[in-house]
Each structure stands twice: as C-alpha cells, then as structure tokens.
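No lab work stands behind these numbers, since they all come straight from the coordinates. Computed from a predicted structure; not experimentally measured. We place every Cβ from the backbone using ideal geometry, glycine too, and count neighbours over all the protein chains shown.
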Amino acid sequence: DGRPVEYEFLEMDELTHADAVSVHKSQCSEFPAVVLPLLTTHYLMLQRNLLYTAVTRARRLVVIVGQPRAISLAVRNNDVMQRYTGLTERLLAGG
C-alpha cells in the first residue's frame, strides 16, 4: 500500500535481507509474513506439498498473489516431483 515501515535499531535482528527466498530454502524456517506468488506459467512448481510448505512458513500473515487457477492447480496436484541429486550414485561409488 506504499506506507513506509520503520524498525527500531534493537529490532534489526528481525530483518533478513532477501529479494526472495525459495520454498525449498525456507523449509525449517519461519517468518512473520509470507508473500506467495502463484502463476500458471510456473505450473511445474504448482504442487500441494510446496503450497503447504510456503503457507506454513508464516507466523501471522500469508498473502497469496497471482491467479486463482494457479491456486486451484496447486491444491489439486498431489504429485511430488522426484529430485535426482546423484547422491545415491556417489555413495555407492565411494563405498
């Protein structure tokens, strides 16, 4: 809404400098507020588990901006994208 927000010097430890933090990097973290952009152009990331993780990072406020269809797609998509890190192969090669 364009209003400036002021922090006292003793509150500086409450601030984290970030343009954005990914949902993956936010795991095990908590924030006073979360702004979550959801767009259908990023349909591969529209998964229920990622939406849940993003929403549960906020202590007090969640603002979802984007398209209602993107929210609907995320809620209905129960698939979990498999991540291939190569860790198994490295462990087997070293052992």
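Scanning residues 5 or more positions from Leu38 or on other chains, those with amide H under 5 Å from its amide H are Val65, Gly66, Gln67, with H placed 1.01 Å from N in the peptide plane. The candidate values are (1) 22, 18, 13; (2) 35, 16, 11; (3) 30, 22, 10; the one derived from this structure for semi-axes √(5λ) of the Cα gyration tensor in Å carries the label (3).
Each Lys and Arg contributes +1 and each Asp and Glu -1, all at the Cβ; summed about the Cα centre of the chain, the dipole is approximately 620 debye.
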